[in-house]
Structure formats: C-alpha cells, structure tokens
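The values are calculated or read from the model by the stated rules, or taken from the named source; none is laboratory data. In this text the structure is predicted, and so the values were computed from the model without any measurement. Note that each Cβ is placed from the backbone with ideal geometry, even for glycine, and that neighbours are counted across all protein chains shown. Each accessible area value is taken on the protein alone, full model and side chains, heavy atoms only, with ligands, DNA and RNA left out. Shrake-Rupley method; radii C 1.70, N 1.55, O 1.52, S 1.80 Å.
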Amino acid sequence: MHNLTIAELVKGLQNKTFSSQELTQQTLDRIHAVDPTFNSFISVSDERALQQAKAADALLAKGDAPTLCGVPIAQKDIFCTNGTLTTCGSKMLHNFVPPYDATVVDNYNAAGAVMVGKTNMDEFAMGSSNETSFFGSVKNPWDTNCVPGGSSGGSAAAVAAQLVAGATATDTGGSIRQPAALCGITGLKPTYGRVSRWGMIAFASSLDQAGTMTRTAEDAAIMLQTMASYDSKDSTCVDHPIDDYRASLNNSIEGLTIGLPKEYFGEGLDPGTQARVEEAIKQFESMGAKVKEISLPHSSLSVPAYYVIAPAECSANLSRFDGVRYGHRCENPADLEDLYKRSRGEGFGDEVKRRILVGAYALSAGYYDAYYNKAQKVRRLIKQDFVDAFKDVDVIMGPTSPTPAFEFGSKSDDPIAMYLEDIYTIATNLAGLPGMSIPCGLVGDKPVGLQLIGNYFNEAKLLNVAHQFQQATHFHTLAPQFLKGDK
Amino acid sequence: MEPSEIQKLANLAMLDINEETAKETASSITDVLALIDQLQAADTDGVAPMAHPLDAVQVLRADNITESDQRDTLMTVAPQTDSGLFLVPKVVE
C-alpha cells in the first residue's frame with residue numbers, strides 16, 4: 001500500500017478496500033522498520049495516529065467522511081501540535097510540547113487526516129542540507145551518502161522513501177522546492193499569505209510560507225485544498241478566494257507561454273541538470289506550449305538581499321527563546337542575564353547563532369539603512385522583475401537547484417557555498433510568488449527538479465501545468481533503488 | 001570582523017559564545033558581510049522598501065475579548081513557575 005498516492009488512498013478508504021486503522025498500522029510499522037536508515041522523523045505518534053484512524057474509520061463507515069479522512073500524513077516539526085513534541089529541529093525546543101495546534105494542523109484534523117509523526121528539519125529551518133538538525137541529519141533515500149536538501153529534508157525523504165504519501169513543509173528561501181528536487185518528489189510553495197502561519201514556528205516572517213511534499217501534482221492539489229485558508233490569527237494571511245485546485249488539473253496547456261529566465265541558465269549550473277531541464281522544456285513544447293526567453297535582471301541580488309532580510313527577521317523572532325517561558329533553560333543561572341545568555345548559547349546551534357548575529361548587526365544603530373532598508377528596496381526591484389515578466393508569460397521555468405544532491409560535509413563548513421544552493425529559489429520568496437519543483441529525470445542515479453514559478457495566487461495554473469507534465473512523462477514515478485521490487 | 005566585535009554583538013543578542021566560536025564566527029561572518037555588501041551597488045533611488053510581498057497593510061480588529069483564559073495550560077511548558085508566575089533568578093536585591 002505504501003506506493004499508493006493520496007488520491008488512490010482516498011479512493012481505497014472510501015471504497016472500503018482497506019480501513020484507516022489497517023493503513024495507519026502498516027504505515028507506522030514501515031516507519032519503525034525503514035526510517036532508522038534515513039532519520040526523516042523526529043517523533044512518531046503511534047498512539048495519536050491510531051486514535052485518529054479509529055475516528056476516521058467511524059466517519060468512513062457513516063459515509064460522510066471529509067476529503068482526507070483516514071489518510072496518514074506527516075507534519076514538519078515546525079508546526080505546533082497539541083500534546084505532541086514540537087522541536088523545530090533544535091535543542092532549544094527539545095522538550096517543548098505545545099498546548100495548541102497550528103492552523104495548518106487544525107485544517108488537516110478537520111479534513112480527517114491521520115498524523116503519523118513529525119519530520120526532521122534543519123534547526124529552525126535554517127539550512128539547505130538538513131545537517132543543522134539537533135536530531136541528526138536526514139539521509140537522502142536515493143543515496144544515503146548524500147543530503148536530502150533542506151530545510152524540509154525530513155518531509156522530502158519521508159515521501160521519497162514512501163513512508164507517507166504526503167507531508168507538510170515550509171519554504172523561506174527554497175526549503176520545500178530544493179529538498180523536493182534533491183529527493184525526486186513534487187514540492188509546492190504557495191503564494192505568501194495563502195496558508196496561515198499561525199502556530200508555525202517563525203524564522204523570517206515576511207518570507208515563511210507553508211506548503212506540500214507529495215509524489216504527484218494531483219496530491220499537491222488535494223493537500224493545498226486542505227491547507228489554504230484565510231486566518232485572522234495570522235495578520236499577514238491574505239483574504240483571497242481559494243480555487244478548486246483539482247478542477248483545472250486536466251485543462252489543456254496548448255498555447256501556454258513559458259518564460260525561461262536567461263539568468264537561471266548561467267554559470268554555476270551543473271551541465272547534467274541543465275540538460276534534464278532543457279529536455280523537460282522540449283516536452284512542454286511538444287505538448288503545445290510556447291517558449292520565450294526572458295530576463296530577471298536583479299536575480300544576482302536575491303541571495304544578498306535574502307541574507308540581510310532573513311537573518312534580521314530571524315534575530316527578532318528568535319529573541320522569544322529566553323529560557324523563561326518555554327524551551328531549554330540552562331542549569332543554575334547566576335542571574336537573569338546569565339540565564340538568558342547560557343540558555344540561548346546552549347540551546348541554539350552554530351548556524352542559528354551565525355544568523356542571529358548577522359541579523360543583529362544588520363539591524364543595529366547606524367547600519368539599519370545600509371542593510372535592512374536597502375535590502376527591502378532591492379526586494380521591490382526583484383518583485384518588479386517578475387511583475388514585468390508575467391505580462392508576457394504564463395509560467396516561468398528553470399532548474400530548482402544548481403546541482404543534484406551533494407555529499408554530507410561537502411558544503412557544511414562554507415556558509416556561502418550552502419547559501420548559493422538556493423540561488424534559483426530565493427527570488428520567489430522575496431517576491432512572494434508561488435513555486436513548485438517537479439521531478440524531470442536523473443543525472444547518474446540522482447533526481448533533478450524542474451522549477452515552475454507562477455503569478456500571485458495562480459497555484460491552480462502551476463498544478464495544472466505540473467499535472468499535465470506528469471500525465472505525459474514517468475519521472476515522478478521513479479523511485480530510489482532500495483524500493484525496487486518492494487511492493 | 002574581529003572576534004571582539006562578535007563578542008559585543010553576541011552580548012547584545014544575549015548569546016553566550018566561547019572564544020573558539022567567536023573566532024570561527026568572525027571569519028564566516030566576514031564572508032557573509034562581503035556577500036551582502038553586493039547590495040550597495042544596486043540603484044535604489046526612489047524605490048520604496050517592501051515589507052509585504054502584496055503590500056498588505058496591518059489588519060486591525062475590534063478590541064473585543066475573543067479568547068478564554070488559558071493561563072494554567074499555557075504555563076505548563078515553562079521551565080519553572082510558582083502560583084501563576086514565571087520564576088527567574090533574583091533581579092532586585
């Protein structure tokens with residue numbers, strides 16, 4: 001059953017081919033058997049999951065079950081889950097059991113989904129390799145010597161290893177799309193404000209957005225339908241009509257205009273990755289799409305702008321971790337200042353500290369205009385590039401990541417090399433646009449991701465385009481070697 | 001950036017870091033600052049800073065009570081409490 005998609009699981013449950021309790025028990029058993037190799041879960045919620053499955057079976061028996069009734073999914077460990085450990089990949093929250101559910105979790109509960117556990121991630125979502133997690137790195141199911149990408153590496157690996165059919169994730173600079181690319185699955189980051197951030201532990205509030213990890217675009221449509229909601233508890237959430245994402249999946253893409261930014265095909269792009277992306281574009285052309293070269297002239301400034309804005313917002317957001325109200329507290333503090341400093345010094349890892357320090361520097365007196373304000377102005381220029389481009393094209397495409405999955409340790413000592421992993425994904429966050437990554441083939445034995453960028457609130461178009469590609473190609477059905485012959 | 005400057009920043013950010021970390025951080029932060037200095041070359045004259053991608057403004061609501069008191073529940077996650085208060089080391093002599 002583990003190779004079934006969400007759409008197939010929904011059908012199987014509603015037709016009573018299997019019960020949610022059978023499915024959930026099998027999912028849990030498989031996680032316990034397989035996941036020690038990959039470490040994609042920080043915690044597995046056997047008891048909670050089986051209770052939810054039992055309740056789901058009761059609803060299914062009555063015949064009025066909600067959309068995801070009885071389907072096992074995983075939540076990234078950045079979403080607060082009432083009564084279930086929520087660590088954000090940090091020692092700071094190693095003991096944090098939230099007294100409430102995030103809105104995203106509420107929405108999944110209302111849809112009848114079964115939460116089997118919380119997925120591993122870079123500490124406070126800061127990283128592109130999952131090497132900064134306090135709970136150990138996640139191994140890429142395609143090659144356990146390689147990283148799964150990050151920060152949502154646990155969600156990506158869990159879906160790629162077919163431990164779950166879908167998982168939630170978050171994306172601040174590429175944290176859904178890059179791990180989806182490196183693990184050969186479908187990742188969707190919606191428009192900023194489409195999904196509520198309430199109860200999602202904040203990293204950079206003006207960039208953070210929750211989305212989905214699945215094997216198919218159809219499943220992403222089903223999950224987004226559940227996640228998207230206007231929420232008055234998140235003041236940055238946008239009250240915009242929610243499309244029926246499945247309704248347009250089968251629309252023809254004849255006449256679709258695809259923009260290819262010349263800046264996304266330059267120096268630093270692995271030739272194998274470039275070849276797979278270009279083949280995918282040719283596939284779209286054969287399906288009736290037109291291709292147009294475009295320019296996003298401020299692209300080279302997106303990484304520098306991001307590494308001012310994200311650390312600045314992180315340093316403000318992470319000031320809440322003080323060892324007083326929740327989270328890690330140091331032993332025997334001499335005084336209040338010692339309590340703050342040692343609790344934070346012991347609770348945060350190196351990358352988190354580095355970003356807090358960069359952020360504190362960028363926001364400090366005398367530097368605010370030169371750094372934060374300047375970056376916010378550049379951000380508008382980057383957004384304007386996209387606004388101009390979307391006057392002529394329907395969708396923008398390019399590589400998700402400059403290379404396929406890389407080996408552990410190969411970039412962890414060089415923050416700049418790690419930051420450049422997100423060179424093609426960061427601009428989308430700065431502009432607040434929706435983006436996806438879908439599998440488009442292999443380089444050697446490692447998957448490559450094709451990135452799709454859409455206009456504001458045009459998730460339905462992205463999903464339609466991705467779905468049509470997946471109807472015509474088999475790349476999304478490719479699975480890691482260890483799953484071969486495993487049914 | 002010098003390790004002493006890192007220590008000063010760490011102090012402002014209420015982070016305890018040892019000498020070794022300060023030294024390592026000084027060199028990596030110098031690289032990060034060089035990266036973000038590329039922004040200075042951009043012509044941003046007359047460009048307004050962008051805080052929300054859709055330029056949304058702060059949502060306000062009527063000042064009505066909407067939440068019930070959950071003090072005890074919310075304090076269950078605190079490291080040390082007493083009679084509904086968070087405990088910290090003595091601040092005033």
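Would you check which residues across region A:372-398 are surrounded by fewer than 19 Cβ atoms within 10 Å (Cβ to Cβ), part of a helix (DSSP H, G or I) and acidic (Asp, Glu) and list them?
A:Asp388
Looking only at region A:346-371, count every residue that is crowded, with 21+ Cβ neighbours inside 10 Å and either over 24 Å from the mean Cα position of the chain (by Cα) or assigned to a helix (DSSP H, G or I) (or both) and tell me the total.
Step one: of region A:346-371, the residues crowded, with 21+ Cβ neighbours inside 10 Å are A:347-348, A:352-362, A:371.
From the residues that got through so far, the ones that are either over 24 Å from the mean Cα position of the chain (by Cα) or assigned to a helix (DSSP H, G or I) (or both) too are A:347, A:352-362, A:371.
Total meeting the criteria: 13.
Need at least 3 residues that are surrounded by 17 or more Cβ atoms within 10 Å (Cβ to Cβ) and hydroxyl-bearing (Ser, Thr, Tyr) per element, so show me which helices (runs of 4 or more DSSP H) inside region A:1-114 make the cut, counting only ones lying wholly within it. Show your work before the answer.
Numbers: elements: A:6-14, A:20-38, A:46-62, A:103-110.
Per the criteria, A:20-38.
Of all residues being open to solvent by less than 40 Å² (accessible area, probe 1.4 Å) and in contact with a helix residue (DSSP H, G or I) (Cβ under 6 Å, 6 or more places away or on another chain) in region A:288-302, which is nearest to the other protein chains (Cβ to nearest Cβ)? Just the residue, please. Show your work before the answer.
Quick first cut of region A:288-302, residues open to solvent by less than 40 Å² (accessible area, probe 1.4 Å) only: A:288-289, A:294, A:296, A:299, A:301-302.
Add one more test, that the residue is in contact with a helix residue (DSSP H, G or I) (Cβ under 6 Å, 6 or more places away or on another chain), and what stays is A:294, A:296, A:299, A:301-302.
Working: A:Ile294: 20, A:Leu296: 14, A:Ser299: 12, A:Leu301: 6, A:Ser302: 10 Å.
Out of the qualifying residues, it is A:Leu301.
Against the condition open to solvent by 10 Å² or more (accessible area, probe 1.4 Å) and either of a type in the set (Gly, Ala, Ser) or farther than 29 Å from A:Leu478 by Cα (or both), how does A:Ser229 come out, does it pass? I'd like the intermediate steps shown before the answer.
Numbers: open to solvent by 10 Å² or more (accessible area, probe 1.4 Å): yes; either of a type in the set (Gly, Ala, Ser) or farther than 29 Å from A:Leu478 by Cα (or both): yes.
Against the criterion (open to solvent by 10 Å² or more (accessible area, probe 1.4 Å) and either of a type in the set (Gly, Ala, Ser) or farther than 29 Å from A:Leu478 by Cα (or both)), A:Ser229 qualifies.
If you check every pair at least six apart or on different chains, which have Cβ atoms under 7 Å apart with a residue in region B:25-38 that is more than 7 Å from chain A (Cβ to nearest Cβ) first and a residue that is modelled with pLDDT under 90 and part of a helix (DSSP H, G or I) second?
Nothing qualifies.
For region A:176-205, give me each residue that is open to solvent by less than 10 Å² (accessible area, probe 1.4 Å), among the hydroxyl-bearing types (Ser, Thr, Tyr) and out of contact with any Gly (no Cβ under 8 Å at 6 or more places or on another chain).
Hits for region A:176-205 are A:Thr186, A:Ser196.
Six or more apart or on different chains, Cβ under 7 Å: which pairs go from a residue in region B:64-93 that's more than 9 Å from every other protein chain (Cβ to nearest Cβ) and over 20 Å from A:Lys341 (Cα atoms) to one that's open to solvent by 100 Å² or more (accessible area, probe 1.4 Å) and not in a loop (DSSP other than H, G, I, E, B)? Could you list them?
If the second residue must be open to solvent by 100 Å² or more (accessible area, probe 1.4 Å) and not in a loop (DSSP other than H, G, I, E, B), the pairs left are B:Gly84/B:Arg71.
Looking at B:Ala42, B:Ala56 in this structure, which one is at the interface with chain A (Cβ under 7 Å from one of its Cβ atoms), modelled with pLDDT under 90 and open to solvent by less than 70 Å² (accessible area, probe 1.4 Å)?
B:Ala56 is the lone residue from the list that is at the interface with chain A (Cβ under 7 Å from one of its Cβ atoms), modelled with pLDDT under 90 and open to solvent by less than 70 Å² (accessible area, probe 1.4 Å).
Which pairs do you get when a residue that is at the interface with another protein chain (Cβ under 7 Å from one of its Cβ atoms), found in region A:373-391, comes within reach of a residue that is open to solvent by 30 Å² or more (accessible area, probe 1.4 Å) and in a helix (DSSP H, G or I), reach meaning Cβ atoms under 8 angstrom, with the pair 6+ apart or on two chains?
Once the first residue is at the interface with another protein chain (Cβ under 7 Å from one of its Cβ atoms) and sits in region A:373-391, its partners that are open to solvent by 30 Å² or more (accessible area, probe 1.4 Å) and in a helix (DSSP H, G or I) give A:Lys374/B:Gln40.
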